[in-house]
Amino acid sequence: MLTKHEQWMAQHKRTYKSNEEKSKRFKVFKDNVEFIERFNKAGKNKYKLGINEFADLTNEEFVAKCTGAKIPSFKRSSKTPFMYGNVKGVASSLDWRDKGAVTAVENQGGCGCCWAFSAVAAMEGISQIKTGKLVSLSEQQLLDCMTTTDSCKGGWMEHAFEFATQNHGLDSDTDYPYRAKEGTCSPKKPSSLPAMITGHQSVPMNNETALLMAVANQPVSVRIDPTQMRFYKSGILTGNCGTHLTHAITAVGYGTSEDGTKYWIFKNSWGPKWGENGFIRIQRDIAAKEGMCGIAMYPTFPTV
């Protein structure tokens, strides 16, 4: 195990400030690796875990460092009818990656701004669907220029959609690159968002059928309990999961496996080495109304 830890440290360029810190981190690493190995050896699940960059963090440290979504404290509008409420005959499977509506996976790093990555992915997607042009947009602009979030300490996707609406778009990631920390708001450049965001809507709460109708038409931002996701490597995430919604990801498709398990496809913001090249499949249409890990509780999407 000591050898594994040394190899892991070299792979992830991890150093510790003292021998005491290294000893503490080794114990956490050992516990996590043993859990991963027991889980995979049991072979009872539809997914596998892997040792990744989070292996020397406790669960509490992981949540504090690598998530950042907040639950809406504001009222979800019920005045506007759900725009996909009357959609009929959605495709049995769909992957927005295959349709050119999903940009490359990025890594939020130690900044708790998953909300920005989730919102940006949803805006990139609907913009490409409407115009045929896929542009990677700036999460950093949201961190630096928004006054309605806590930046790297968490925020709301809905506020990101409102910012894009009020500011007539977002800068491109090339013009305003990500730095994984809050900075000073730079002067606005001409918008790189091909389709103008006009607002946002919430998917009806605790309704996976409604979520399916929305995802069949555009990528959708969701909040999720990330605990089960931490060491996810491949397969379809199933089993028991909580509803402590501290992370945000983006639904970019859905399908059914060869054994008949229905699943969602989500884009994450923990880099392309995590999960299935930065994406995760999560079981769909489960008995719990809130969906697996709470994904059906607070879905939201931008409108154009």
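The values are calculated or read from the model by the stated rules, or taken from the named source; none is laboratory data. Bear in mind that the values here come from a model prediction, so they are computed numbers and not experimental data. Using ideal geometry, Cβ is built from the backbone for each residue, glycine included, and neighbour counts are taken over all protein chains shown. The protein model used for the area step is the full one, side chains on, heavy atoms only, and it has no ligands, DNA or RNA in it. Shrake-Rupley method; radii C 1.70, N 1.55, O 1.52, S 1.80 Å.
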Exercise. For the chain, set up a Gaussian network in which alpha carbons nearer than 10 Å are linked by springs, and say which option among PHE161, PHE26, PHE117 fluctuates the most.
Key: PHE26
Practice problem: Name the shape class, rounded, prolate or oblate, that the alpha-carbon gyration tensor gives for the range 63-217, where a ≥ b ≥ c are the square roots of its eigenvalues, rounded holds for a/c under 1.5, and otherwise prolate holds if a/b is larger than b/c and oblate otherwise. | Solution: prolate
Quiz item: Given the convex hull over the Cα atoms of the range 197-264, what projected area results after averaging over all orientations, in nm²?
Solution: 5.7
Practice problem: Just order 97-104, 170-177 by mean Cβ neighbour count inside 10 Å, highest at the front, would you? | Solution: 170-177, 97-104
Quiz item: In the Gaussian network model of the chain, springs joining C-alpha atoms below 10 Å, which of CYS66, CYS114, CYS145 carries the largest mean-square fluctuation?
Solution: CYS145
Quiz item: What percentages, rounded to whole numbers, describe P(r) for the range 42-141 computed over all alpha carbon pairs with 10 Å bin width beginning at zero?
Solution: 11, 26, 35, 23, 5
Quiz item: How many angstrom lie between the C-alpha centres of the range 26-52 and the range 82-104?
Solution: 34
Quiz item: Where only protein heavy atoms count, and the probe is 1.4 Å, what is the accessible area per residue for the range 1-54 in Å²?
Solution: 72
Exercise. Report in % the part of the accessible area of the chain that belongs to carbon and sulfur, leaving out ligands and nucleic acids; probe 1.4 Å.
Key: 50
Quiz prompt | Computed [θ] at 222 nm, helices only, for the chain once each DSSP H run of length n ≥ 4 contributes -39500 (n - 2.57) | solution = -8500 deg cm²/dmol
Quiz item: Which net charge results when you count Lys and Arg as +1 and Asp and Glu as -1 among the other residues whose beta-carbon is under 15 Å from that of TYR176?
Solution: -4
Exercise. Note down the magnitude of the dipole of the chain about its Cα centre, charges +1 on Lys and Arg C-beta and -1 on Asp and Glu C-beta and zero elsewhere, to the nearest 20 debye.
Key: 340
Practice problem: With a ≥ b ≥ c taken as the square roots of the eigenvalues of the C-alpha gyration tensor of the range 113-205, please select rounded if a/c is under 1.5 and otherwise prolate if a/b is larger than b/c or oblate if it is not? | Solution: oblate
Quiz item: Sequence-distant or interchain residues sharing an amide H contact under 5 Å with SER234, placed H: which?
Solution: LYS48
Practice problem: Sort out for me the Cα centre separation of the range 184-222 from the range 243-304, rounded to whole Å. | Solution: 15
Quiz item: For the range 216-304, what does the alpha-carbon gyration tensor say about shape, rounded, prolate or oblate, given a ≥ b ≥ c as the root eigenvalues, a/c under 1.5 as rounded, and a/b over b/c as prolate?
Solution: rounded
Quiz item: Once you list every other residue whose beta carbon is under 11 Å from the beta carbon of ARG281, what net charge do they have if Lys and Arg are +1 and Asp and Glu are -1?
Solution: +1
Practice problem: Return one quarter of the surface area of the convex hull spanned by the alpha-carbon atoms of the chain, equal to its mean projected area, in nm². | Solution: 16.3
